[in-house]
Every structure is written in structure tokens, then in C-alpha cells.
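Following: one structure in C-alpha cells, then a few remarks.
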Amino acid sequence: MPNYHIWTIGCQMNKAESEQLGSLFEHIGYRATDTAENADVIILNSCVVRQSAENRVVNKIRALHPFARAHPDITLAVTGCLVNSDTAKLKKDFPHVDYFFKPGDYPPWLEKPAALATLPQNPSPTVYVPIIQGCNNFCTYCIVPYRRGREVSRPVTEIACEVKGLIGRGAKEVTLLGQNVDSYGHDLPDKPDLADLLQELNAIDSLARIRFLTNHPKDMSVKLIDAIAKLDKVCEQIYLPVQSGSDDILKLMRRGYIAAQYRQLVKRIRDTVPGVALSTDVIVGFSSETGSQFQATVNLLSELRFDTVHVAVYSPRPGTIASRELEDDIPPAVKKERLNIIEQLQEKIAAEINEQLLGSTVEILVESRVKGKWQGRTRTGKLAFFSDSRDYLGQLINIRVEKTSPWSLQGTVSKTK
Ligand code: SF4
């Protein structure tokens, strides 16, 4: 039986696509192997969202050069965000790579059969399902639209069919993925939106939970917020990147909203969806960011008190608008200092938010067992651990929270559902 090896870095989208590729290989009779050196087919699923990620990808491709040269019978293919329309240049730079293909745009030897045939036989209790590829926004710092292309949505029926198939094989929770899930459906004939899709999926028997990411503050609709509140399987967790609390910086980033609009949106979400957990992304040290503009971000985070904040230091990506038109003029030490300030602030806020759960009972879906401890997530996406000798994999259980940290909860089983 031939072997395949898939190396993946990057976002959940890449992980979901690698899972799909893996299922496809299994379907055509291949077996997974942990090392590239034992594989007949090697796939590198790349990410270039940051320079460091792109460097890792390039190093990985180069590292495989001697192996590929010594074994001309193996197939080496690269997919993911490194692959743009100019594959001729990639082929010239990396002649030992046999194929470059865009995500979902499989080469002829890997023709994709009907979606259901490629579903994993034993999926994890929590699965990722891409619903829209690409992005039509051009945030000035972001390389994604250039690499993933324009938005292309999958039809509701196709997504529902895939989710039913995964649930039929044991999955309990689905996370719908897209660079901007709020754009979902605008390119489809009947123009369904994310709220319509959620309504359809909510009706699937045995599906326990639905999540989705990532939302865009300029596109998130009232209809969607109402749907989150109304549909019982849709979890109270929203990932809404703000990027900056300064209107001037938001304008330079071309995000399409100002901080006051973002604050109003958060208020509406919190008024409509009680107990909702909010996550956000922030970039510090963007071009020309002054001390007071940075302080506006700190103020916004202090005021809105997110459950999770992912903070990144700005670094220009070649090919983006910002790299062409804006100067990367904030010294690295200042960027680092701003990063530390936000990390420390958020650690304190997250610790306080999670502390409020001490002594309460929360429902978790058990996803895995790591180093003897079961782990799962609450509906609000909080990681929770407990120890118990019984088998809980894939079960929805209640745990009583006995310990909290900024990053997770610990407890004991209170009652299985
Ligand atoms: S919304 Fe902006 S940051 Fe997000 S993928 Fe699109 S261009 Fe990039």
C-alpha cells in the first residue's frame, strides 16, 4: 500500500484542507505516514501570512530537495497560500517540486470524487468545514486576497450534506471556516447568508454544536446576531478582529469601520446574546502608530474586556498595499514593548473573566485525552480539563469548575448528559 505524508502549517483553514486531502488519499488506497522520507507522495500545505511562516515553508521545500533528487519516483506537491497564480516562478525557484496547486484545485492525479466519499471514517468529535474561500477585502497589511483569491462560497446543500456525513460518522460539533464568514453566500444564485446556513444546520439531528470564524466587523449583520441568539446549537462565541482602537490606524489598514462602530457592534452582540464570549485580533506597531494611537487600542481592550486577544507585531508582507505604500517605521523594541503591554493586560482580564466561573457548572464537549487528562471546550470556547478514569470521548458532560487560569478551566465531572 503506498504512503502519503502531509505537512501543514497555518490557520484552521489549512488544517481542515489537509484533513480533506488525507481523507482523499485514504479513499484512493494510501496510508498516512509520519515522516516524509517514508512517503510515496509528500504534500506541503503552506502558509505565508507572516514572513516567518513563509520562511519555514521555503526552508521545508529546500530541505526536501536532496531527498526528491535521490528518489525521482516520489511525488512532491505544494499547496496552500504560497501558491499564487504565478506557478511558473515557483517552478523555476523550486524545480524539484512536481506540482503546485491552489487549495481545493487538485491536480489531475488527485481528482476529487464526490464530497461524501472523502469524509474521514472516524472524525474527531469537533470538525472544521470550510464554507467560503478567499477574501474580497484588501486590508492593506494582508496577503490573503492575493494568495487565496476572491470569495467563492460553497452551496448550502453541499455544506449540509458534508456536515450530515460527518455527524453520521461520530462528529458532534462543527466549526464553519472562512476568511470572512460574513460574506458567505453573496456569490451564490439565491444569495443565502450565514444566518440562513446556520438555520439549515441547526436542524440536523445529533449535531450538538455549531461555531464559525472569522467575522468581519464591517460586515456582521443584525440578522446573524439574532440567529446566534435564537438557534440553540449555535455557540455563544464570536471571533471579531478589531486590529486597532485608533481610527487613523484603522483607516491606514483599510478596515472599513471606526472604533465607535466596533464598540456599537459589540454592545449589540452582548445585548442580544447573553453570556457571549468575544475574541479579537490586534496588530501593534503598524506603520506610523504613535503612542497615543497605541493607547487607543489599550483603552478599547480595557473597556471591552475580551475573553481572548491574539496580538501580533506588524511586519510588512511583500506584495501588500502596506508594504508598497507605508513605511515600517516603528522600532522593533517599541513594537515588542507594545506587544508585552497588551499581553499583560489581556492576561489579567482573562484571569478575571475566568475566575467568575469558579464553582459554577459548565457543559463541555470532550475532544481528547492528553497526558491522562480529558480536555474539551465550553460553548463559549473555553478550554477545560478534568481527570477521570472513565471514557468520555465525544460526550457532552457537565463539569464543576474548581480552578481557573487566564487560559483554561479545571474541574470534576458533575453529571453526564
Ligand atoms: S478581511 Fe482583511 S485581514 Fe481578513 S483575510 Fe480579508 S484582507 Fe485579510
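The values are calculated or read from the model by the stated rules, or taken from the named source; none is laboratory data. Since the model is a prediction, treat every value here as computed from it, not as a measurement. Note: ideal-geometry Cβ built from the backbone for every residue, glycine included; neighbour counts use all protein chains shown. Remember, those area values only see protein heavy atoms, side chains included, never the ligands or the DNA or RNA. Shrake-Rupley method; radii C 1.70, N 1.55, O 1.52, S 1.80 Å.
Only one residue of Tyr257, Gln20, Ala171 has its Cα farthest out toward the positive end of the dipole of the chain, where Lys and Arg carry +1 and Asp and Glu -1 on Cβ, and that residue is Ala171.
Taking Lys and Arg as +1 and Asp and Glu as -1, the other residues whose beta-carbon sits under 11 Å from that of Ile143 total +3. Scanning residues 5 or more positions from Tyr141 or on other chains, those with amide H under 5 Å from its amide H are Ala322, with H placed 1.01 Å from N in the peptide plane. Against the empirical 2.2 N^0.38 Å (N residues), segment 100-207 has a Cα radius of gyration ratio of 1.14.
Based on C-alpha pairs under 8 angstrom that are at least 6 apart in sequence, the chain has a relative contact order of 10 percent.
A Förster distance of 51 Å, applied to the separation of the beta-carbon atoms of Arg390 and Lys91, puts the FRET efficiency at 0.40.
The peptide list 128-134, 50-56, put in order of mean Cβ contacts within 10 Å with the highest first, becomes 128-134, 50-56. Given +1 at the Cβ of Lys and Arg, -1 at the Cβ of Asp and Glu and no other charges, the dipole of segment 118-211 around its Cα centre is 380 debye to the nearest 20. Grouping the Cα pair distances of segment 338-377 into 5 Å bins from zero gives a pair-distance distribution of 6, 18, 14, 17, 20, 16, 9, 1 percent in increasing distance order.
At q = 0.17 Å⁻¹ the log10 of I(q)/I(0) for segment 276-417 amounts to -0.89, computed by Debye summation with a single uniform scatterer per C-alpha, solvent ignored.
If a spin label sat at a point 7 angstrom from the Cα of Glu337 along the line to its beta carbon, the backbone N atoms of segment 271-315 nearer than 11 Å would be those of 291. If both residues of a DSSP beta bridge must be in segment 363-417, then about 85% of such bridges are antiparallel. Every helix of 4 or more DSSP H residues in the chain counts as -39500 (n - 2.57), and over all residues that averages to -10500 deg cm²/dmol at 222 nm. For the chain, the per residue solvent-accessible surface stands at 45 Å², with DNA, RNA and ligands left out and a 1.4 Å probe. Given 25 °C and 0.890 mPa s, how large is the Stokes-Einstein diffusion coefficient of the chain in µm²/s, with Rh as the Kirkwood radius over Cα pairs? For the chosen part, D equals 107 µm²/s.
Its Cα gyration tensor gives segment 1-160 an equivalent ellipsoid. The semi-axes, each the square root of 5 times an eigenvalue, are 24, 22, 13 Å from largest down.
Cysteines in the chain that lack a partner Cβ within the 4.7 Å cut-off: Cys11, Cys47, Cys81, Cys135, Cys161, Cys235. Restricting attention to segment 61-166, which GluC sites (Glu not before Pro) occupy a DSSP loop and are surrounded by at most 11 other Cβ atoms within 10 Å? Filter output for segment 61-166: Glu111.
Computing FRET efficiency as 1/(1 + (r/R0)^6) for Ser292 and Lys15, where r is the C-beta to C-beta distance and R0 is 35 Å, gives about 0.35.
Heavy-atom surface analysis with a 1.4 Å probe gives the chain a carbon and sulfur content of 50 percent of its accessible area. Any idea what log10 I(q)/I(0) is at q = 0.24 Å⁻¹ for segment 334-417, Debye with uniform C-alpha scatterers and no solvent? For segment 334-417 at q = 0.24 Å⁻¹, log10 I(q)/I(0) is -1.06. Any idea what diffusion coefficient segment 205-355 gets from Stokes-Einstein, in µm²/s, Kirkwood Rh on alpha carbon pairs, 25 °C, 0.890 mPa s? The calculation lands on 149 µm²/s.
If you sort Tyr141, Tyr99 by accessible surface, 1.4 Å probe, largest first, the order is Tyr99, Tyr141. Coupling constants for segment 234-248 follow from the phi torsions by the Karplus curve (6.51 cos²θ - 1.76 cosθ + 1.60, θ = phi - 60°), and in residue order they are 7, 6, 8, 8, 10, 10, 10, x, 9, 6, 7, x, 9, 5, 5 Hz; glycine and proline get x.
Magnitude of the charge dipole for the chain, about its Cα centre and with charges confined to Cβ atoms of Lys, Arg (+1) and Asp, Glu (-1), is about 440 debye. By the combined test of axial Cα extent (at least 15 Å) and Kyte-Doolittle hydropathy (mean at least 0.0), the qualifying DSSP H helices of the chain come to 156-168, 291-304.
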